[in-house]
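Single-structure report; data block below.
The values are calculated or read from the model by the stated rules, or taken from the named source; none is laboratory data. Because the structure is a prediction, the values reported are computed rather than measured. Note: ideal-geometry Cβ built from the backbone for every residue, glycine included; neighbour counts use all protein chains shown. Ligands, DNA and RNA are excluded from the accessible area calculation, which covers all protein heavy atoms including side chains. Shrake-Rupley method; radii C 1.70, N 1.55, O 1.52, S 1.80 Å.
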Amino acid sequence: MPIRLHDSLTRSLRELKPAQPDGVFRFYNCGPTVYAAAHIGNFRTFIINDVLRRLLELEFGLGKVKHVRNLTDVDDRTIGQAKAEQRPLAEITKKWTAHFHADCTALNCLPPHAEPTATGYIKEQVSMIEVLIEQGNAYRAADGSVYFKVSSFADYGKLSRVKERELQATDTVADSDHKDSVSGFALWKAHKPAEDGDVKWPGPRGAAEGRPGWHIECSAMSKAILGDTIDLHTGGVDLLFPHHENEIAQSQCCNGTTFANHWYHSEHLLVDGTTMSKSKGNYYTLGDLTAKGYSAMAVRYALLMGHPRKQLNFTLDSLHAAESALERLRKIAQQFMAKCACTETEFSTYKHPSGIDDWSIFGLSYDALRDDLNTPMALGWLFEWANKFDFSDQDKPYRYEFEIAALSRLMFAFGFDLFVQTEKAQTPAAITALADKRWAAKQAKDFAGADALRKELAAAGWSMLDGKDGYTLEPRKR
Ligand code: AMP
Ligand code: ZN
């Protein structure tokens, strides 16, 4: 079964496949704006894209996928933050880039094959703008800024279905990156010392010194690294309009060919029914959650519990469920590891000695992932297996080597590193000591003692969940 994914342009499920004869799948994912810590809503999008990248690699082979995710390090928001802190732009963006990378590592997101910065591709953006001016798709304004002329591109609005009526009604040019009007949008913004400080570059021919608009950044980085036509372009649903609509207009007018063969947009993470966003202040960062004692892997798991094309309401309860699910998988993996005497690293890269892959064990789970990235269904099938799993079941002829290999691969596809952070490793030593004492009391059938210790743990903010072979500790719900 091929990988099929919803395409926002045709509004249908379509097979993903590389178009170029070299067989390399070219994939561009709009990256973060590095002016503050990314929140877990942003990470929902990046983790979904990471699972996609992993699936593509499993499908087409290592080296046959080129995944680009940019860093937006110059735009209204980054400049605004630098101004507010009275610090150089590069200092702010470097700081938040490092923070983003640390969170990505903790969440086990594979680094993209290229991670261009907008400021690293100014020349490429300027060249594209010059082509657009020459061709009559863009015009210079009196202040030396350059705007794209939406009326020059007949296909404008095809992706987002912006109504023609709406297009005609607006005739002004807004100057914000994010709230451009539909009739024109900025490609190049003339330098405004009061707002931009010293952030400026020489502009396109005949234009003023200044800086690029947000949309042209992605068009230029994608073209420079992946070429004129790419196989897949992705981002969160808010990027569909105007960002991606504008990218299509700029790229197709400049390059004279299709920009992306497939467009995929994942839905937002909500809190209390509204979109998690920095401007609303209703967000959690990964750091907020790990400070409460949750593991980064549980955050990753929880963000995959909903269908990527449906909004997902975030709750701390979902993190509790995620911790328990991961613990169950970890226990199974440990039993396998004992059986094959392999280390954690060996488990993570386990291959069947025959070299044969038997995917059938998790066939339904893989198929769910390949069918429009249905992560909740894939997890459902995985747990259907995990809940029945019993290593002591000697009746069935054990094919454990196939099972280890298949489980290891499935964990790769989801990006679950079962051994990177166990709850115990994160739990304060004093709490683990109390829990060990209580477990021993329970094993010795000293139930009164065990109860007293449970209360002590609860008072310290921890719940102890007893399993068959051991316990798990969780921070108590608020
Ligand atoms: P930004 O750093 O604002 O440029 O956004 C980075 C990515 O996060 C983009 O693909 C956005 O579409 C995505 N995004 C923003 N808010 C949310 C949210 N609440 N849930 C999921 N993705 C989001
Ligand atoms: Zn972009």
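Close contacts from region 237-254, counting a first residue that is not assigned by TED's automatic domain parsing to the domain that holds PRO212 and more than 11 Å from ligand 2 (Cβ to nearest atom) and a second that is open to solvent by 20 Å² or more (accessible area, probe 1.4 Å) and part of a helix (DSSP H, G or I), with Cβ to Cβ under 6 Å and a gap of 6+ residues or different chains, come to none at all. Checked against (1) in a loop (DSSP other than H, G, I, E, B); (2) open to solvent by 50 Å² or more (accessible area, probe 1.4 Å); (3) modelled with pLDDT of 95 or more, HIS307 passes all but a single condition, namely (2). For first residues located in region 115-138 and touching a residue at least 60 places away in the same chain (Cβ under 8 Å), partners that are of a type in the set (Asp, Glu) and lie 6+ apart or on another chain with Cβ distances below 6 Å form the pairs ALA118/ASP73; ALA118/GLU217. Can you tell me which of GLN81, GLN20 is open to solvent by 20 Å² or more (accessible area, probe 1.4 Å), under 23 Å from VAL271 (Cβ atoms) and of a type in the set (S, T, N, Q)? Just a single option satisfies the conditions, and that option is GLN81. Determine whether ARG211 is assigned to a strand (DSSP E or B), out of contact with any Pro (no Cβ under 6 Å at 6 or more places or on another chain), touching a residue at least 40 places away in the same chain (Cβ under 8 Å) and away from ligand 2 (no atom under 11 Å from the Cβ). Yes, satisfied.
For region 208-227, check the following and say yes or no: at least one residue is more than 32 Å from the chain's Cα centre (by Cα) and modelled with pLDDT of 95 or more. Working first, answer last.
To start, the set of residues in region 208-227 that are more than 32 Å from the chain's Cα centre (by Cα) comprises 208-209.
Narrowing the set further to residues that are modelled with pLDDT of 95 or more leaves 208-209.
Yes - at least one qualifying residue is present in region 208-227.
Regarding ILE3, is this residue more than 13 Å from ligand 1 (Cβ to nearest atom), within 22 Å of THR258 (Cβ to Cβ), of a type in the set (A, V, I, L, M, F, W, C) and in contact (Cβ under 8 Å) with a residue 24 or more places away in the chain? Judged against the criteria, ILE3 is a match. Tallying residues that are among the hydrophobic types (A, V, I, L, M, F, W, C) and open to solvent by 20 Å² or more (accessible area, probe 1.4 Å) within region 127-138 yields 2.
Of the listed requirements (1) farther than 25 Å from PRO112 by Cβ; (2) outside the structural domain of ASN49 (by TED's automatic domain parsing); (3) more than 15 Å from ligand 1 (Cβ to nearest atom); (4) of a type outside the set (Phe, Trp, Tyr), THR315 misses just one: (3).
Among the residues of region 197-248, those identified as charged (D, E, K, R) and touching a helix residue (DSSP H, G or I) at 6+ places or on another chain (Cβ under 6 Å) are ARG205, GLU217, ASP228, GLU247. Give the residues of region 265-295 that are among the hydrophobic types (A, V, I, L, M, F, W, C) and touching a residue at least 24 places away in the same chain (Cβ under 8 Å), sorted by residue number. Correct list: LEU269, LEU270, VAL271, MET276, LEU286, LEU289.
Here SER183 fulfils each of the conditions (1) crowded, with 18+ Cβ neighbours inside 10 Å; (2) modelled with pLDDT of 95 or more apart from (2). Residues in region 95-108: is at least one in contact (Cβ under 8 Å) with a residue 12 or more places away in the chain, more than 16 Å from ligand 1 (Cβ to nearest atom) and crowded, with 22+ Cβ neighbours inside 10 Å? No - not one qualifying residue is present in region 95-108. Among the candidates ASN42, ASN70, ASN49, the residue that is under 18 Å from ASN29 (Cβ atoms), within 16 Å of ligand 2 (Cβ to nearest atom), open to solvent by 40 Å² or more (accessible area, probe 1.4 Å) and in the same structural domain as LEU232 (by TED's automatic domain parsing) is uniquely ASN42.
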